[in-house]
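The values are calculated or read from the model by the stated rules, or taken from the named source; none is laboratory data. No experiment lies behind these values; they were computed from the predicted model shown. All Cβ positions, even for glycine, are placed from backbone atoms using ideal geometry, and neighbour counts span all protein chains on display. What goes into the accessible areas is simple: the full protein's heavy atoms, side chains included, and nothing from ligands, DNA or RNA. Shrake-Rupley method; radii C 1.70, N 1.55, O 1.52, S 1.80 Å.
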Amino acid sequence: MAATAPRPTTRKRPADASRRRTAGRRDRVQWKGYLYALPALTVLTVFLLVPLGQLVRISLYHWDGLSASTWAGLANYTEIARDPQLRASFGHSFVLIFFFALVPIALALTLAAVTTRAARLRGVSVFRAVIFLPQVVAMVVTATAWTAVYAPEGVLNKALNTVGLESVNRSWLGDFGTALPAVGLIGTWLEIGLCLVLFIAGIGQIPRELYEAAKVDGAGAVREFFAVTLPGLRGQITVALTLTVIAALRTFDLVYVATHGGPGNATSLPAFEVYNRAFNTGQVGSACAIAVVLTGVILLLTFLITKLQPEDDGS
């Protein structure tokens, strides 16, 4: 019986060397990827992360912006919870979310469904462009124009007089009960165009076979909207909700030009309080604390909204 010769071990060496070369090449490729991202990371660090760190540091001090600062610890943060004016400003922001996000999304969904079905009608493209127009108008121009509309002798009151509703007339931005909703309706007018564009683009990506199958099943326009269009727009709705909620929470220039936070503090918002405390009352530490809390609220709501997006939807 012949003895079995041992297998040569040298055959594994080329394979091992090949794997090592492949791993080394992969590592080099990964490092090259980081080099491509280095300019963006540098800009992000210099213009975002470093100022954000300075913001958090200053929020821990009492500082008027000129004299020496003194350590405050978390006092500026506890003041936000104790001060009724600051609590009210955050409450106003959540009211604006209804006008900036929920109302525009609901109206834009309706308009997108209608204009898509009536795409062959003459003038639909012009209508879409007019709806989107507020997105390209400067906020200062928008605020000034709407201030004139809401004025006691403005277009709105004249229109109400025309239809016999003189008793409803008022200074819409100067009344405690109507100032905040009036600002919110301006936000609705601003955001509806953005939502409409997103939804029309989303409807174009829904397979036509789904609509044809719905028609075969006898679905009408309403049933087709809830069975096909609305589920197909979940990704676009999440994007629209994220953008509009952020717009509501960071609103500053609209309030600054239209109401300056008034009457009283009826339209005061966190972003306006940051400016007011930093440049008018000399409470820079408190202003930074408000900004930090506002940033945290925006990040938290954005995180929660992204959880609504289906995992298999990459839009």
Ignoring ligands, DNA and RNA, what percent of the 1.4 Å accessible area of the chain is carbon and sulfur? 66 percent
Can you give the accessible area per residue of the chain, in Å², using a 1.4 Å probe? 60 Å²
Please list the non-local residues whose amide H lies under 5 Å from the amide H of Tyr61, H modeled 1.01 Å from N, same-chain partners needing a gap of 5 or more. Ala72
Output ordering of 131-138, 223-230 (per-residue mean of other Cβ within 10 Å, highest first) is 223-230, 131-138
Gained length - Leu74 relative to Arg19, 0.36 nm times residue gap less alpha-carbon distance: 14.3 nm
For the stretch 90-108 and the stretch 38-53, what is the centre-to-centre distance using only Cα atoms, to the nearest Å? 31 Å
Heavy atoms only, probe 1.4 angstrom, no DNA, RNA or ligands counted: give me Tyr275, Tyr34 ranked by accessible area, highest first. Tyr34, Tyr275
Among [x] 22.8; [y] 20.0; [z] 24.2, which is the computed Kirkwood radius over Cα pairs in Å? [z]
Just the accessible area for Asp83, please: 1.4 Å probe, Å², rounded to the nearest 10? 30 Å²
Which whole-Hz couplings ³J(HN,Hα) result when phi for each residue of the stretch 285-296 is put into the Karplus expression 6.51 cos²θ - 1.76 cosθ + 1.60, θ = phi - 60°, listed in order with x for Gly and Pro? x, 5, 4, 5, 5, 4, 5, 5, 5, 4, 4, x
Rule-of-thumb check for the stretch 142-220: C-alpha Rg over 2.2 N^0.38 Å? 1.76
Using the Karplus curve 6.51 cos²θ - 1.76 cosθ + 1.60 with θ = phi - 60°, work out ³J(HN,Hα) for each residue of the stretch 69-86 in order, rounded to whole Hz, and write x for Gly and Pro. 8, 10, 5, 10, x, 9, 4, 5, 7, 5, 5, 4, 6, 8, 6, x, 5, 6
How high is the FRET efficiency from Val168 to Val130, r the C-beta distance, R0 22 Å, rounded to 0.05? 0.20
Once ligands and nucleic acids are excluded and a 1.4 Å probe is used, how much of Ser67 is accessible, expressed in Å² to the nearest 10? 60 Å²
For a quick check of understanding: with a 1.4 angstrom probe and all protein chains in place, what accessible area in square angstrom does His260 have, to the nearest ten? 100 Å²
